[in-house]
1. Suppose the filter is of a type in the set (F, W, Y) and surrounded by fewer than 23 Cβ atoms within 10 Å (Cβ to Cβ); does F426 pass it?
2. Output the number of the condition that R298 fails; it satisfies all remaining conditions of (1) under 30 Å from A477 (Cβ atoms); (2) in contact with a Lys or Arg (Cβ under 8 Å, 6 or more places away or on another chain).
3. Which members of region 306-350 meet the condition of being polar (S, T, N, Q) and part of a strand (DSSP E or B)?
4. Could you give every pair whose Cβ atoms fall below 8 Å, whose first residue belongs to region 229-249 and is closer than 9 Å to I435 by Cβ, and whose second residue is modelled with pLDDT of 80 or more and part of a loop (DSSP other than H, G, I, E, B), counting only separations of at least 6 or pairs across chains?
5. Against the condition free of Cβ contacts under 8 Å to residues at least 40 places away in the same chain, farther than 22 Å from T485 by Cα and either in a loop (DSSP other than H, G, I, E, B) or out of contact with any strand residue (DSSP E or B) (no Cβ under 9 Å at 6 or more places or on another chain) (or both), how does R303 come out, does it pass?
6. How about region 171-216: which of its residues are part of a loop (DSSP other than H, G, I, E, B), at pLDDT 80 or above and either over 15 Å from the mean Cα position of the chain (by Cα) or among the hydrophobic types (A, V, I, L, M, F, W, C) (or both)?
7. Restrict the check to region 461-469 and report whether at least one residue is among the aliphatic types (A, V, I, L, M), closer than 18 Å to L362 by Cβ, under 19 Å from the mean Cα position of the chain (by Cα) and at pLDDT 90 or above.
8. Please verify whether A383 is modelled with pLDDT of 90 or more, surrounded by fewer than 19 Cβ atoms within 10 Å (Cβ to Cβ) and outside the structural domain of H204 (by TED's automatic domain parsing), treating the condition exactly as stated.
Amino acid sequence: MSLAGTTVLKLSGVSKSFPPATRALVSADLELRTGEVHALLGENGAGKSTLSQIMAGLLSPDAGEMFLHGQRYAPPSRKDAERMGIRIVLQELNLIPSLTVAESIFFDRLPHRFGFIRRKELNAQALPLLREVGLGSVDPETRVGDLGVGRQQLVELATGLSSRCDVLILDEPTAALTDEEAELLFTHIRQLRSAGVAIVYISHRMSEIARIADRVTVLRDGQVVATREAAGLPLEEIIKLMVGRELTRTAIRNASPSKADVALKVTGLRAEPAVREVSFELYRGEIFGFAGLMGSGRTETLRAIFGADPKQSGDIYLNGSDEPANIRSPRDAVRHGIALLTEDRKGQGLLLPWSVKQNITLTAMPHTATGWIDAHRERDAAARLSKDLGVRCASVEQPVRELSGGNQQKVVIAKWLNRDCDVLLFDEPTRGIDIGAKFEIYRLLTDLAARGKAIIVVSSELPELLAICDRIAVLSAGVLVQTFTHEEFDPDAIMTAALRHHVSPRGAENTRTRVSP
């Protein structure tokens, strides 16, 4: 690790509240030094994003002071902060789908002449940045909306790296990246650190913190509880600082679902181009994992089962029936008791301006005899499910956008439980949530399985699947190639199976999975 230099940005007593009574930050102190990677850690809702957005000019503090190079610093906007040398790359994508990749990177400083964009110059400027973040094969003229989420995240990173800065804030930068893409990012972070840039790094992936951080600041309930040197700091101590208690980190599943009780059977499923041949059985009370590399067809398989994407062939059977279910749309799937919890909970799983109550009861609103929504039953159902799932909110009337990521995920689950769906399809259920909330989701999945729910989990984190699943099916290039029972779990064997159809004579291609906890 590089030696930290002089103080570049200092925050003293910074506080921020949101109506009606949410204290996001309470008298927070932070000091950033030149040439260091400073990790901000904490559970969802601890105040990390609020603190970083205040530094980047996206929010104004209610109290406290900031100093940049020893001078009072109070940027009225993000653009002003960038002009003063502080840039942020947010976890939530901030791209316009209709723009090209090059236009997105240089959105606020497009080269032009006589009012016309100088395309050749623009694309030439974008190419080296794209190469730096692992997108060298992407045409700068490609529309951002035609890229997948992972590549869109890399475009955001290229934007953040497109001009010289003194402080670079990265909020969950690897959440949608492959291991190879993450390695390129880490290399660039080290180069920036060597050049004297102060880097604020927010991540829930503890293995990343151990690799690249010089110092660590932990927030809990809006307060800074500790700042420590990262070298030699035990993971157990970090977790205890984050959650205020010790977590039992044990494998969760030891159940043996009955193979006689088939909840879902899929035969010969094909939904080109991503899904080519998928067949399996899912039992009641089982957590069934889908492992594979990016591009293996895991998400697309869930979407085809749910009727969100059209399938060319294959049958879906429910509850041991000999007659295939007619599922041509999500409406059909829900009617048959199937729920899909998408990986993009904010964009596809929730109505963020609506309340917790409205989101939970959206799929099965209680009505009076005259057809009006029964407000009392609606509130009672939302309150009951919120309590059962441990949703932390001021009340069920609170807008769901104000909740932490883990609590938002619980609201999505509650929505489908309110509908009483028996087959639950989870796509990356713990992406972007902190370690404490992850274990809460794991326990929740286990409880649902114990109640007889049949669950499929897609995850890019193999240790997660190994911990919570009864069986793991491996997809490779759209083909389900092998299924491992709990007794057969072997990370090396699972990875070998995942590579089966992703290897060409010239070597491995598209090796996109994450195996770090």
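1. Values: of a type in the set (F, W, Y): yes; surrounded by fewer than 23 Cβ atoms within 10 Å (Cβ to Cβ): no.
For F426, the condition - of a type in the set (F, W, Y) and surrounded by fewer than 23 Cβ atoms within 10 Å (Cβ to Cβ) - is not met.
2. If we test R298 against (1) under 30 Å from A477 (Cβ atoms); (2) in contact with a Lys or Arg (Cβ under 8 Å, 6 or more places away or on another chain), just (2) comes out false.
3. Looking only at region 306-350, we keep the residues that are polar (S, T, N, Q), and these are 312-313, 319, 321, 326, 329, 342, 348.
Listed by number, the list holds a single entry, S313.
4. From region 229-249, the pairs are M242/G42; M242/A46.
5. On the way: free of Cβ contacts under 8 Å to residues at least 40 places away in the same chain: yes; farther than 22 Å from T485 by Cα: yes; either in a loop (DSSP other than H, G, I, E, B) or out of contact with any strand residue (DSSP E or B) (no Cβ under 9 Å at 6 or more places or on another chain) (or both): no.
Criteria not met by R303.
6. A195, G196, V197, A213, D214
7. Within region 461-469, the subset among the aliphatic types (A, V, I, L, M) is 462, 465-468.
Add one more test, that the residue is closer than 18 Å to L362 by Cβ, and what stays is none.
The answer is no, given that none of the residues of region 461-469 is among the aliphatic types (A, V, I, L, M), closer than 18 Å to L362 by Cβ, under 19 Å from the mean Cα position of the chain (by Cα) and at pLDDT 90 or above.
8. Numbers: modelled with pLDDT of 90 or more: yes; surrounded by fewer than 19 Cβ atoms within 10 Å (Cβ to Cβ): yes; outside the structural domain of H204 (by TED's automatic domain parsing): yes.
The answer is yes for A383.
The values are calculated or read from the model by the stated rules, or taken from the named source; none is laboratory data. Quick caveat: nothing in here was measured; it's all calculated off a predicted structure. Every residue, glycine among them, receives a Cβ derived from its backbone with ideal geometry; neighbour counts consider all protein chains shown.
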